[in-house]
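In what follows, a single structure is set out as structure tokens and then discussed.
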Amino acid sequence: MTGDRTSTALRRSVLAVTLLDHGTLADLETREEGAVHVRTLDSSHLVIGWGELVLAAGDPSGTMPDALVQRRLARWLRLRVALDEMLHAAGETSPEAVAEVRGRILSRVRPRALPRDHALHPGVAWTRRTVLGGALDVGLALRGYSDDGHPSPDEAGLLPVGVLVAAQVDLGLATSKADRYLADMATLAGERLQRDPTAVLRPLGDADVLTLLASRTFRVALVDGQGMRSAAIPMRTRGWLDLGRLDPAFAVSASLLTEPDERGFARPVLVTVDEVAMVRAGGDPVRQSLADPAPAEPHRPVSRGA
């Protein structure tokens, strides 16, 4: 975001976030230096500068819908304030207490994978790596918070990288911990798949199906020496293999019927050991499905017309 017009748009978005929020963000003040939070412990100020808010918005071209920009800003600000409150309270005790809090934050960092066009994707700054094939970006999440930054002990929500940097948490260490967590979950999920190769793909721990698919370990187990396998993963929590046994309209229809935040891939994907690629758009799978006649008898192959 550059220029007076964009700066005004950003200020308007931050103001909208503070006015519409019913929690912590409702108490933020918008000043010349940025958004200001009054800390609970001693009424000192946390100033979140406009430069940081530009990064939080993740809209360098200024073309994103206001609702998306505001959601990104609100997520960033909630997490930024939450981590600052923990660290500031520890800082009043001792440097060792601060180090302990940062260690607890690190222990709760998780991996997360999303398609680039997903409703939840926080933008390019969030991405730590992209799986070959271009279908999946991998970033970080934080156990104990929702995808919008609200406290939620049973969730692992999206974690913008800049929030960790601002809290002076080692980003390299956080990424390596997330990678190790994914490797552990992928190994267990691969063993589960080998025990029942026809089972529906499901999450394991804090790794949903999309995140498991971002692991080469899991893809090796999934492909199982076949070179390539097709999969329908229309939602983040479920996936189906070998699409020859599924209705052609299933992947597209199931994705459209799933809430945007919970969606996976809009179309089937092709998976190899090294890549995850979404099939090209085209054709009409719904019409194809409706045009196929039902079998005359159970277990008898369908006779297709000319």
Task: All positions within segment 134-187 that are more than 14 Å from Trp76 (Cβ to Cβ) and polar (S, T, N, Q) - done: Ser152, Gln168, Thr175, Ser176, Thr187
Open item on the list: So the check is Cβ under 6 Å with 6+ separation or different chains; which pairs have a first residue in segment 231-251 that's under 20 Å from Ala281 (Cβ atoms) and outside the structural domain of Leu210 (by TED's automatic domain parsing) and a second one that's among the aliphatic types (A, V, I, L, M) and outside any helix (DSSP H, G or I)?
Closed with: none
- [ ] Would you be able to say whether some residue in segment 114-122 is touching a residue at least 24 places away in the same chain (Cβ under 8 Å), buried (at least 23 other Cβ atoms within 10 Å of the Cβ) and touching a Ser or Thr at 6+ places or on another chain (Cβ under 9 Å)?
- [x] yes
Task: Tally, over segment 215-230, of residues that are touching a residue at least 12 places away in the same chain (Cβ under 8 Å) and either closer than 20 Å to Val252 by Cα or outside any helix (DSSP H, G or I) (or both) - done: 6
Task: helices (runs of 4 or more DSSP H) contained entirely in segment 151-214, each with at least 1 residues that are within 25 Å of Ala56 (Cβ to Cβ) and of a type in the set (S, T, N, Q) - done: 171-195, 209-213
Task: Output for segment 29-55, where each listed residue is assigned to a loop (DSSP other than H, G, I, E, B) and either among the basic types (Lys, Arg) or under 16 Å from Glu85 (Cβ atoms) (or both) - done: Arg39, Thr40, Leu41, Asp42, Ser43, Ser44
Task: Cβ pairs under 8 Å, 6+ apart, first in segment 145-159 and over 16 Å from His22 (Cβ atoms), second β-branched (Val, Ile, Thr) - done: Leu159/Val109
- [ ] Return the total of residues in segment 31-49 being in contact with a Gly (Cβ under 7 Å, 6 or more places away or on another chain) and closer than 14 Å to Val17 by Cβ.
- [x] 2
TODO: Enumerate the pairs (first residue in segment 50-63 and in the same structural domain as Ser13 (by TED's automatic domain parsing) and closer than 13 Å to Leu77 by Cβ; second residue anywhere and surrounded by 21 or more Cβ atoms within 10 Å (Cβ to Cβ) and of a type in the set (S, T, N, Q)) with beta-carbon separation below 9 Å, excluding pairs fewer than 6 apart on the same chain, so at least 6 apart or on different chains.
DONE: Leu53/Ser13; Ala57/Ser13
TODO: Test Pro203 against the stated conditions and say whether it is modelled with pLDDT of 90 or more, surrounded by fewer than 22 Cβ atoms within 10 Å (Cβ to Cβ) and within 13 Å of Ala113 (Cβ to Cβ).
DONE: yes
Task: Complete set of residues in segment 230-240 that are surrounded by fewer than 17 Cβ atoms within 10 Å (Cβ to Cβ) and at pLDDT 95 or above - done: Thr237
Task: Count of residues meeting criterion [within 17 Å of Leu140 (Cβ to Cβ) and more than 15 Å from the chain's Cα centre (by Cα)] in segment 80-119 - done: 10
Open item on the list: Looking only at segment 217-229, how many residues end up being surrounded by 15 or more Cβ atoms within 10 Å (Cβ to Cβ) and of a type in the set (D, E, K, R)?
Closed with: 2
Open item on the list: Would you confirm whether or not segment 58-66 contains a residue that is within 28 Å of Leu182 (Cα to Cα), modelled with pLDDT under 95, out of contact with any Asp or Glu (no Cβ under 6 Å at 6 or more places or on another chain) and assigned to a helix (DSSP H, G or I)?
Closed with: no
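For every residue, the table says whether it meets (1) in the same structural domain as Leu210 (by TED's automatic domain parsing); (2) within 25 Å of Arg216 (Cα to Cα); (3) of a type outside the set (D, E, K, R).
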residue: Asp84; (1), (2), (3): no, no, no
residue: Ala113; (1), (2), (3): no, yes, yes
residue: Asp117; (1), (2), (3): no, yes, no
residue: Val131; (1), (2), (3): no, yes, yes
residue: Gly139; (1), (2), (3): no, yes, yes
residue: Asp148; (1), (2), (3): no, no, no
residue: Ala167; (1), (2), (3): no, no, yes
residue: Thr175; (1), (2), (3): no, yes, yes
TODO: Kindly indicate the residue of segment 241-270 that is part of a strand (DSSP E or B) and more than 20 Å from the chain's Cα centre (by Cα) and also modelled with the highest pLDDT among those meeting that condition.
DONE: Leu270
Task: Lone unmet requirement of (1) free of Cβ contacts under 8 Å to residues at least 60 places away in the same chain; (2) more than 19 Å from Leu210 (Cβ to Cβ); (3) surrounded by 21 or more Cβ atoms within 10 Å (Cβ to Cβ) for Val165 - done: (3)
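The values are calculated or read from the model by the stated rules, or taken from the named source; none is laboratory data. Since we're looking at a predicted model, the values are computed, not measured. Note that we place each Cβ from the backbone using ideal geometry, even for glycine, and neighbour counts take in every protein chain shown.
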